[in-house]
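Every number here is computed from the coordinates shown, using simple stated rules; none is lab data. Quick caveat: nothing in here was measured; it's all calculated off a predicted structure. Quick reminder, even Gly has a Cβ in these numbers, built from the backbone with ideal geometry, and neighbours come from all protein chains shown.
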């Protein structure tokens, strides 16, 4: 299970008179605190924080060195804003093929657990999140 963190502080670099070199990616340092109280600092692209809508106080998971926003009580609104149906269907196909994904609620492992009545059932091994889907790529 992935550990959940809270973003404590975001440090933006002060380039001063030097400015950034052309094409240089704007990086920030992010101070995180885990649920167990352990702190760590990571470096990430500033643009990635905007894409994931991560600000100070946001709960996140650190997955493969990248911050991913944890879904909270407003998860339906968050999902409706993204509306990446093709990405969702491709994820379902990868899960059907035996891959796993990180649960956006608790950081556990999501996989396909059963198939019945033409619908595939996906669930998390750590929390009570589950759903069924009959989405297929056309």
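Just a few scattered comments:
- Remark: 102, 60, 41 ranked as 41, 102, 60, counting other beta-carbon atoms within 10 Å and listing the fewest first.
- Where labels lie 7 Å past Cα in the beta-carbon direction, separation of residue 133 and residue 46 in nm: 3.4
- Applying 1/(1 + (r/R0)^6) with r as the Cβ-Cβ distance of residue 33 and residue 109 and R0 = 22 angstrom yields a FRET efficiency of 0.40.
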